[in-house]
Structure formats: C-alpha cells, structure tokens
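Shown next, in structure tokens, is the structure this report addresses.
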Amino acid sequence: MAITEKITPLRDKVLISEMDFGAQITAGGVYIPSANAKSQGIIPRWGKVWAVGEEQKAVNVGDWVLIEHGRWTRTIEVEENGSILEVRMVDNDAVIIASDEKPNDILRAKV
C-alpha cells in the first residue's frame, strides 16, 4: 500500500526516485550489467531528488545524483498525482556528483 500523505525529510536528508537498476550501456558503448554487487563488482546508480530536508544545501528537488552502490534504503511507495513512485533515502556522504539535468551518458540496455 502506498503512502498518500505528504512526506518531508528531516534536517538534511535526501529522498530520491527514478533509480535505474537494470543493465546499462554508456555513450561510449561500455556494457554495465545489473550485477548488484555480485562477481562483476559494484556500480553507482543515478536517482532523481524527490524531496529534501530544510537543512539540505547541496542538492535540490529535481536534481539527478550519482550515489555510491548500496548507500540507499529500501523502497517505500508513495502515491503522487495518481501514480505510484518508489522513493528511497540516500546517505548524504555517498552522493558522488549532482546534475540539474538527467544524465544522458548512461542509457538503458536493450539486452
């Protein structure tokens, strides 16, 4: 069951949505499998900032952030405008970079 109430992160917490856990291909053609920390190693993941606490100054709602592998919580489902979103909290120290646009150098693999 999805949460329908408004959620506000505390202090400097960051909630993200739209994480992609599937296999990826970089613009240069490098295939990154959805290994999820198995024998192929660990890989960071992009996510879109969905909400921030009032003390958060490094990122804003709508930014895209690259997060170290596994440095996010389990999913909670939130209903927004009739759609169900999967939202996770990330460890602030694990945010590697931020972009105000969706990165286009990593594409969903068609394998």
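Return the total of residues in segment 65-82 being in a strand (DSSP E or B) and closer than 24 Å to Glu5 by Cα. Number of matching residues: 6.
With respect to being in contact with a Pro (Cβ under 9 Å, 6 or more places away or on another chain) and not in a loop (DSSP other than H, G, I, E, B), Ile96 fits the description. Regarding segment 9-19, can at least one residue be identified that is at pLDDT below 90, of a type in the set (A, V, I, L, M) and loosely packed, with under 13 Cβ neighbours inside 10 Å? Within segment 9-19 (the criterion being at pLDDT below 90, of a type in the set (A, V, I, L, M) and loosely packed, with under 13 Cβ neighbours inside 10 Å), the answer is no, since none of the residues qualifies. Screening segment 43-59 for residues that are part of a loop (DSSP other than H, G, I, E, B) and surrounded by 12 or more Cβ atoms within 10 Å (Cβ to Cβ) and picking the one that is modelled with the lowest pLDDT gives Ile43.
The values are calculated or read from the model by the stated rules, or taken from the named source; none is laboratory data. Remember, predicted model here, so these are calculated numbers, not experimental data. With ideal geometry, Cβ positions are generated from the backbone for all residues, glycine too; neighbour counts draw on all protein chains shown.
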